[in-house]
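Working notes, beginning with the structure itself.
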Amino acid sequence: MDPGDPAGHRTAGECRCTGQDPLLLLQTLQTLWSTRERQQLQEEAWRGFAALDDPLAGLLDMLESSRGWRGKGPSLEAWISHQLQCWLWAQPRPGPAQHSPRLEQLQARAVRVLTESPSSLAAPLASIFQLQDADQSRLLEHVHRLYHEGRFREAVMLGTKLKLQPELDVEKMSIPLLLQDKVALVERYVAGFPDLQRRLLALMDSWCQPGFDIKDVVRQHPQVASVRLEKLSPQVLSRQVLRLQEQFSVIPALCPHAAMQQRLAALRHLCHKRFVEKSLSQENWADHVQGLVGQSPWLQEQLSQLLASLSDPSMAAQCTLNLPLPEDRLLATVAAGLGQLQLQGRAAEAVSRLNMKDVKDHYYQLPIPRENIYLLTSQEDLARHKDALLQPQQVVGVDLEWTLVFIAGGRPRPSLLQVATEGCVFLLDILAFTQPPAGQGAQAFSQLVAQLLSDPSITKLGYGMAGDLQKLGMSCPILAHVEKQVLGGVDLLLVHRQMRMAGMPTPGMARAGGLRGLSLLVQQVLGTTLDKTQQLSNWDRRPLFEEQLIYAAADAYCLLEVHQALCREPARFHLSGDLAGSQRPRHRERPGTQEPPGLQEALAAPRQVPLAVAEATIPQVPARTFRVVCDNMLQGLARSLRCLGVDVHVLDNSEDHRRAAEVARLEGRIILTSGQPYHTLRAQVGAGRCLMVDGSLKAQQQAKAVLRHFNVRVTHADIFSRCQACNCDQYLKVSRDTMKQLMRLSGHQEGPRTSGDKSTQSQESQEPGPAPEEAPGGCTHDRPCRWLQAADLCAETPDMLANGTRLQLARVPAGVLRTLGLWHFYCCTRCGKVFWDGSHLGRVATHFRDILESAPGPCELSPAPSPASSFF
């Protein structure tokens, strides 16, 4: 056979006989690549590598003779490089010795290839040819050339893969990416280099200092496109700095300006709570403010400006009392008012306390004497009251108090655990038991709490108990994940949801006061409401104030009274079933012998199952009717939920977090958020309408947690029923032949036909018309769609729909049109994105198989013969 004949005229067997020639092997692989026969392609490649006299030199011969990598998308050359890397790992024989003349020659050739190739070849070439040990001068020269050409992302990625970071200027490489809000890429760039991490944080922190103008940096880098100034404000940037500081384990002293910006943000939040929401007392407000301001002159000045912005100078003067503010920093009117208040002194304070007492009489009153509230701070206190706390067959109320953290990156630390029994309340001082040196006290505390929560004969009442116990587990390692091990737990939050779903009316006074959560439940059941004045007080301060002790006891004891009232008259509160006998514990049933209990059953008797099972009692919600709004910090979660058919509104990066509350109220959506904004957003919507998502989880894990929390039912038909880009759920189905016509008429020409293309070529008319009946053999996904008609297209512009949406045909690789078994495409009617069935469908079904309904999907979920990344 003539060796000059093209590989398209050879058989696979003939090519294998001459496999020692790298170029013949390349031609063989090109033929199989065009047919999408991936399994045969890999087998042929590995056989060819084994037949080559010098596989490393052969790879370079193939790369130097081919220019397929110059196009966009996955290339055969990148695939071959990766396969050779895998093949070498599987071989028992060693590669060329380090620093050998032969290896140095191969490295020099590999560097030349790399400078002409995309970044997808960097990782395999660096591994195969040990480029990290090669002469780095040419590699550094290439990285600098990419940087000066404005290809900052490619420069950083290449420098990262080749381990060149110590030889590059971290500030120079990072600034363009920071201006484009590519912080994650910069994080990977400095990973493993503590010195570079500290220099990066010092740079970012310098942008947070007072008076710094980020626009000066932008003007110094005119070649940077798409600058994200909204992400570079001191408030936003400081959150990033403090997050990285914790992630990199860098001492706080290195980021002083970011810490100051966060304290300023906390001051603004506290002023909003005190003067707008009026949810903070003067004492608690001043206590938090003193801790934030300290002796910082800049923060003192900022606080003075905040107080000066109040319309009432007398109120500003009142708030200035007992604060470390020099009078020369105050407005004259505020300073004058402050002097009068200091003269009035105790008389005004006495009147204020009398007025406060009159107001407190309208709130829920603790029905037990003060001497029945016990503060337990030592191992001896626990031993003295252990029998009362662990008495079998009793009902107890459980609550937790913690100090809110106003600084980004901080975590709330539980301070007090309240356990209310009939006639008594026990306040367990968590700080006293867990702060070093805790010793045996910590062990005794953890053992008692674990015994209480795991005893199925003791009914534990809570409101959002699982969240409270999660926080408790963070402070006590022995109690980690204790929320999943609770037996006999009754979460009144779930009961409250059932009442609201059944139409339980909200009293007019509650609506006017904006009551929510447990306070609203107490109002609906007991006719009075809780005094939440001390809720935001400093629970870490010792000793605790008397008002804090009374508040903590009332928060736990009201659970007992609410439970008793619901058991006496369930019908009055729209709860079905006989709730009598709530003190009678049931025997444990074998797994699978009984249905999950309803909410009324959960209320009537303690359950002998983990508390997490309570979520299953929430009515199932179909995925396509579940509607959420995601904070802009959870864009990955938003894409995963849309992938499963959930209606997701996601905030833009420029939108404030509070916009989520507006969208939730206007469109009836659930808020999904993470971090500090949760506390602000939860206060603006109804109970159960805002969920804090664990930011440390990956997007798919977050999606599973959300769906399980709200008991959302997902089926195979829901997968990709929404556009992941724009959230639209309306598609137009387009046949393959019509898609070819659209691409040709709009100037997006189909790629050259190869000898391996086995798809049939149909006659094409000049105008794209109605699609024919669907060809057999294609996997049909159950999207809400109809066939594309001629009337759906704009007559003047072939790639534009009649509604003005332009189809994104440029993003459809020509090779996809020749894929065997792929007979139609789906076009989003809102954004014009084009989709097709491919292996991504099977991967998503595999990733979420534990939450998908067991019913079979509309098509087989084995990978289709299209590329792995075929689903945009």
How many residues are assigned to a helix (DSSP H, G or I) and either surrounded by fewer than 17 Cβ atoms within 10 Å (Cβ to Cβ) or without any contact (Cβ under 8 Å) to a residue 60 or more places away in the chain (or both) when one looks only at the range 457-468?
1
The residue from 137, 127 that alone is of a type outside the set (D, E, K, R), more than 20 Å from residue 57 (Cβ to Cβ) and at pLDDT below 85 is 137
Taking into account only those residues within the range 558-572 that are without any contact (Cβ under 8 Å) to a residue 60 or more places away in the chain and within 16 Å of residue 463 (Cβ to Cβ), which is surrounded by the fewest Cβ atoms within 10 Å (Cβ to Cβ)?
564
Name the residue that is modelled with the highest pLDDT, counting only residues in the range 727-764 that are farther than 13 Å from residue 807 by Cα and among the small types (Gly, Ala, Ser).
735
Is there any pair with a first residue in the range 279-296 that is of a type in the set (D, E, K, R) and a second that is part of a helix (DSSP H, G or I) whose Cβ atoms are under 9 Å apart and which are 6 or more apart or on different chains, and what are they?
283/547
Does residue 690 satisfy the criteria of being closer than 30 Å to residue 810 by Cβ and not assigned by TED's automatic domain parsing to the domain that holds residue 466?
no
Residue that is closer than 19 Å to residue 730 by Cα and either modelled with pLDDT of 80 or more or of a type in the set (Val, Ile, Thr) (or both), where the choices are 805, 797
805
Residues (in contact (Cβ under 8 Å) with a residue 60 or more places away in the chain and either buried (at least 19 other Cβ atoms within 10 Å of the Cβ) or within 27 Å of residue 656 (Cβ to Cβ) (or both)) located in the range 705-718:
706, 707, 709, 710, 712, 714, 715, 716, 717, 718
How about the range 790-830: which of its residues are within 25 Å of residue 34 (Cβ to Cβ), outside any loop (DSSP other than H, G, I, E, B) and aliphatic (A, V, I, L, M)?
809, 810, 814, 816, 817
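Matching residues to (1) among the hydrophobic types (A, V, I, L, M, F, W, C); (2) surrounded by fewer than 20 Cβ atoms within 10 Å (Cβ to Cβ); (3) at pLDDT below 90:
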site	(1), (2), (3)
635	no, yes, yes
638	yes, no, no
649	no, yes, no
658	no, yes, yes
662	no, yes, yes
665	no, yes, yes
668	no, yes, yes
672	yes, no, no
Checked the range 530-557 for anything surrounded by fewer than 19 Cβ atoms within 10 Å (Cβ to Cβ) and outside any loop (DSSP other than H, G, I, E, B); matches are 546, 547, 550
Checking the conditions here, which among 126, 110, 134 is touching a Lys or Arg at 6+ places or on another chain (Cβ under 8 Å), crowded, with 17+ Cβ neighbours inside 10 Å and under 30 Å from residue 55 (Cβ atoms)?
126
Among residues of the range 624-633, those that are farther than 20 Å from residue 695 by Cα and at pLDDT 90 or above, counted
2
Residue match in the range 31-49 (condition: under 23 Å from residue 112 (Cα atoms), surrounded by fewer than 16 Cβ atoms within 10 Å (Cβ to Cβ) and either modelled with pLDDT of 60 or more or polar (S, T, N, Q) (or both))
no
Under 6 Å between Cβ atoms, at least 6 apart or on separate chains: pull out the pairs that start in the range 97-113 with a residue that is under 14 Å from residue 128 (Cβ atoms) and at pLDDT 85 or above and end on any residue that is in a helix (DSSP H, G or I) and among the β-branched types (Val, Ile, Thr).
none
Check residue 218 against each of (1) surrounded by fewer than 18 Cβ atoms within 10 Å (Cβ to Cβ); (2) at pLDDT below 90 and name the one condition it does not meet.
(2)
Of the residues 540, 531, 555, which single one is charged (D, E, K, R), touching a residue at least 40 places away in the same chain (Cβ under 8 Å) and in contact with a Phe, Trp or Tyr (Cβ under 6 Å, 6 or more places away or on another chain)?
531
Please state which of the following conditions residue 721 fails to meet, knowing it meets all the rest: (1) assigned to a loop (DSSP other than H, G, I, E, B); (2) within 20 Å of residue 849 (Cα to Cα); (3) free of Cβ contacts under 8 Å to residues at least 12 places away in the same chain.
(3)
Wholly inside the range 629-684, helices (runs of 4 or more DSSP H) that include 2 or more residues that are closer than 20 Å to residue 269 by Cα are 659-667, 677-682
Some residue of the range 480-494 being part of a loop (DSSP other than H, G, I, E, B), assigned by TED's automatic domain parsing to the domain that holds residue 377, in contact with a Leu (Cβ under 6 Å, 6 or more places away or on another chain) and buried (at least 22 other Cβ atoms within 10 Å of the Cβ)
yes
Just one of (1) surrounded by fewer than 17 Cβ atoms within 10 Å (Cβ to Cβ); (2) at pLDDT 80 or above trips up residue 161, so point out which.
(1)
Residues in the range 287-296 that are modelled with pLDDT under 80 and either in a helix (DSSP H, G or I) or aliphatic (A, V, I, L, M) (or both): how many?
3
Restricting attention to the range 221-260, and to residues there that are in a helix (DSSP H, G or I) and over 24 Å from the mean Cα position of the chain (by Cα), which single residue is surrounded by the fewest Cβ atoms within 10 Å (Cβ to Cβ)?
253
Give the residues of the range 472-496 that are touching a residue at least 24 places away in the same chain (Cβ under 8 Å) and of a type in the set (A, V, I, L, M), sorted by residue number.
472, 474, 478, 479, 482, 486, 487, 490, 492, 493, 494, 495
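The values are calculated or read from the model by the stated rules, or taken from the named source; none is laboratory data. Small disclaimer: the values here were computed from a predicted structure and weren't measured. Every residue, glycine as well, gets a Cβ built from its backbone with ideal geometry; the counts of neighbours run over all protein chains shown.
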